[in-house]
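*Asks:* Please see the structure below; I have some questions.
The values are calculated or read from the model by the stated rules, or taken from the named source; none is laboratory data. The structure displayed is predicted, hence computed values, not measured ones. No Cβ is skipped: glycine too gets one built from the backbone with ideal geometry, and neighbour counts run over all protein chains shown.
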């Protein structure tokens, strides 16, 4: 999700411009730049650091997480494209109700907007909050919850657009006489030719399959279908 930070930052900036100064002061507090914690919160702040091959040095992330007050930090070097992130899984498992999972930046956690929303929602169901330092997002605050409500709406809107475009593409394909799915290995004319070749007992199935560039199981699958009659 390396390229996803731009849209996130634009969206966060837009939302924050619609939060009053008094609300921002009450949410962020005075003093430490990252001091978003409520005084009566007894949970633990659990940090997660991810670096990729393009970003070898984790010191900046570690410094800010420690300054925020993270008592335990999980760290790994793995590309955002990798599905298996054992340290992230360990951090998620470690968090308990009342804790907060803290990351340096949104793109450190999720590989996509949808995955980010799902992870934060899963944490919320367990009573675990989420903080992203660079974007100043804290789901214990009204502003932080608002950001993720907007994110979820954007993700749902994006998913609906993809679904709508897919259905429109399938309808257009059907109008042109095609169906969705994989391209056929043999068309009706080729199947008819294969039937005629197979009728010649001196021609083997291997030879017919080779002639059409398909495997024997594929050839037999098409031959088992009822021939199209006009």
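*Asks:* Do we find that residue 71 is surrounded by 13 or more Cβ atoms within 10 Å (Cβ to Cβ), at pLDDT 50 or above and either more than 15 Å from residue 130 (Cβ to Cβ) or not assigned by TED's automatic domain parsing to the domain that holds residue 139 (or both) in this structure?
*Replies:* Spelling it out, it is not the case that residue 71 is surrounded by 13 or more Cβ atoms within 10 Å (Cβ to Cβ), at pLDDT 50 or above and either more than 15 Å from residue 130 (Cβ to Cβ) or not assigned by TED's automatic domain parsing to the domain that holds residue 139 (or both).
*Asks:* Related question: Could you pull out the residue among 50, 111 that is buried (at least 17 other Cβ atoms within 10 Å of the Cβ), at pLDDT below 90 and either in the same structural domain as residue 142 (by TED's automatic domain parsing) or assigned to a loop (DSSP other than H, G, I, E, B) (or both)?
*Replies:* 111
*Asks:* Might you check whether a residue that is surrounded by 12 or more Cβ atoms within 10 Å (Cβ to Cβ), part of a helix (DSSP H, G or I) and modelled with pLDDT of 85 or more occurs anywhere in segment 122-132?
*Replies:* yes
*Asks:* Between 186, 170, 146, which is surrounded by 10 or more Cβ atoms within 10 Å (Cβ to Cβ) and either touching a strand residue (DSSP E or B) at 6+ places or on another chain (Cβ under 7 Å) or at pLDDT below 75 (or both)?
*Replies:* On inspection, the qualifying residue turns out to be 170.
*Asks:* Of everything in segment 189-210 that's farther than 17 Å from residue 225 by Cα and touching a helix residue (DSSP H, G or I) at 6+ places or on another chain (Cβ under 7 Å), which residue is modelled with the lowest pLDDT? Give the derivation first.
*Replies:* Step one: filter segment 189-210 for residues farther than 17 Å from residue 225 by Cα, giving 200-204, 206-207, 210.
Narrowing further to those that are touching a helix residue (DSSP H, G or I) at 6+ places or on another chain (Cβ under 7 Å): 203, 206.
On the way: 203: 72, 206: 84.
In this case the residue turns out to be 203.
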